[in-house]
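Student: Okay, handing you the structure first.
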Amino acid sequence: MKPERVAILGAGGFIGSHLVPALLAGREDLELLAVDLTFEKLVSTDPRVRFVTASVDRPGLLDEVTARCSTVVSLTALCNPSLYNTRPLDVIDANYTDLVPLVKLCAARGVRLVHFSTCEVYGRRALDAQGHGTPTMNEETTGMFLGPVDRERWTYACAKQLLERVIWAHGLHGGLDFTIVRPFNVIGPRMDFVPGVDGEGVPRVLASFMSALLRGNELLLVGGGAQRRSFISVEDFVQAVVRIVDRATACRRQILNLGNPANEVSVRALAEALARAYAARVPGAARARFRDVTAETLYGAGYDDSEQRVPDIGKARRLLSWQPETTLEQMLPGIVDDYVARYGLALAAGTSKIVFAGSGGRRFGSGLTFRLLDSAL
Ligand code: UGA
């Protein structure tokens, strides 16, 4: 049987680097086209993976990808809240403008699109059609409650929401075969970056807290850390995505929340749990310190926040025969170990060189640009 060719746009990022091996483990009859700007997080020697070092806005790239693959998984995004009010135009382009051509090409060529949207489309909190609060966010019944335009935090959610509507319209009126995924706070090894080592600015909360613990700095709690999130382990998450890729018929024209409602905690509780896990894994580490800060202090003007996000995952459970299992207590030790292994030595030595632990395989970097035009994938 001819292998199925699947393109993963953003394969070298946090989620992509977990998704690629999970897809390969589940299926013999797959060939993957892994596209990203860098592949430092993705190690693979599997001959079924072809690496393309390119940006999705490179002229001709999406055209070639959709000509060669029957499914495209689109993961590329600027998805860090510290950018939404500081680089709003880049955020809108990366999450909307650059991806409209992909949607059109998939629709025109009969290519299946598995697109990663975000739980942020629900906005500040869950509201039903009458504007009454509800405990969970549901794909079909929950409204979208974004803040005013001067709260630039919502540039991201708005761009993501508009792309969802473009995809939906191409599906309903143009026959596009799509599945939209709304991830809810996926965490795990290799998430984001440590400022001053392999990135600059404020990463998402897990990496912010890990960076503070590794440096012996205070963990900064925006608004006292009362906001609540539901954290899902990246391992549970990618198992659901593998099933979405496999179950094209069941997932056709569906929007799916993927998260773990059993792991709903306040940001303060996450900070405390992470500090406990860190103390247990790094004996002799300085005692963790916490400090309440305003959102403005950390993010600047125009930030806003979601108070609480709890996914309703009934549809994902049903369509995918899937259930997230990993508790926060189970996932945090492995996450701490990953950050310590990758950044501990660099931070201790005061250098900016990252030490990648346990990478026995080949790493594909920007020096190995794969030229699509010459390839026989
Ligand atoms: C983010 C992104 O906007 C979404 O794209 C993404 O889908 C989502 O994370 C996710 O991971 O699924 P958010 O949860 O608000 O949304 O972002 P985080 O940076 O992870 O922050 C979570 C909460 O922690 C926020 O209330 C933030 O203010 C707070 N925080 C963050 C702190 O209290 N201290 C910090 O050092 C960093």
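The values are calculated or read from the model by the stated rules, or taken from the named source; none is laboratory data. Predicted model, so just to flag it, every value in this text is computed and none were measured. Cβ placement follows ideal geometry from the backbone for every residue including glycine, while neighbour counts extend to all protein chains displayed. Calculation scope for accessible area: heavy atoms of the full protein, side chains included, ligands and nucleic acids excluded. Shrake-Rupley method; radii C 1.70, N 1.55, O 1.52, S 1.80 Å.
Student: May I ask you to order 197-204, 12-19 by the average number of other C-beta atoms within 10 Å around their residues, highest value first?
Tutor: 12-19, 197-204
Student: On average, how much accessible surface per residue is there in the chain, in Å², for a 1.4 Å probe, leaving out ligands, DNA and RNA?
Tutor: Spelled out: the 1.4 Å probe surface of the chain, per residue, equals 42 Å².
Student: Testing the spin-label approximation: label points 7 Å from Cα along Cα→Cβ at Lys2 and Gln130. State their distance in nm.
Tutor: 5.4
Student: Counting only protein heavy atoms and using a 1.4 Å probe, what share of the accessible area of the chain belongs to carbon plus sulfur, as a whole percent?
Tutor: Carbon and sulfur together cover 53 percent of it.
Student: Which value in Å is the Kirkwood Rh of the chain over different Cα pairs? Mind showing how you got there, number by number?
Tutor: On the way: mean 1/r = 0.0469 Å⁻¹.
The Cα-based Kirkwood calculation yields 21.3 Å.
Student: Provide the gained length on full extension for the span Ala348 to Glu329, in nm with one decimal, where the gain is 0.36 nm per separating residue minus the Cα-Cα distance.
Tutor: The span from Ala348 to Glu329 would gain 4.2 nm if fully extended.
Student: Obtain the nm distance between the two label points defined at Glu218 and Glu200 by a simple spin-label model: each point lies 7 Å from its Cα along the Cα-to-C-beta direction.
Tutor: Output for this residue pair reads 2.5 nm.
Student: What residue among Glu120, Glu28, Glu139 shows peak mean-square fluctuation when the chain is described by a Gaussian network model with Cα springs under 10 Å?
Tutor: Glu28
Student: Report the extension gain between Ala262 and Ser321 in nm, rounded to one decimal, defined as 0.36 nm multiplied by the number of residues separating them, less their alpha carbon distance. Mind showing how you got there, number by number?
Tutor: Numbers: separation 59, 0.36 × 59 = 21.24 nm, distance 1.72 nm.
Difference between extended and current length: 19.5 nm.
Student: Right, something else. Only helical DSSP H runs with n ≥ 4 go in: add -39500 (n - 2.57) per run for the chain, normalise by residue count and round the 222 nm mean residue ellipticity to 500 deg cm²/dmol. Mind showing how you got there, number by number?
Tutor: Details: 12 runs with 137 residues, N = 377.
One gets -11000 deg cm²/dmol as the mean residue ellipticity at 222 nm.
Student: Within the chain, how many lysine pairs that are 8 or more places apart, or on different chains, have C-alpha atoms less than 29 Å apart?
Tutor: Going through the chain pair by pair, I get 6.
Student: Can I ask one more? Grab the Cα-Cα distance for Ala250 and Arg48, subtract it from 0.36 nm times how many residues apart they are, and report the gain in nm with one decimal.
Tutor: Gain on stretching Ala250 to Arg48: 70.1 nm.
Student: Which FRET efficiency value, to the nearest 0.05, do you get for Asp150 and Ala269 by plugging their Cβ-Cβ distance into 1/(1 + (r/R0)^6) with R0 = 41 Å?
Tutor: That gives a FRET efficiency of 0.85.
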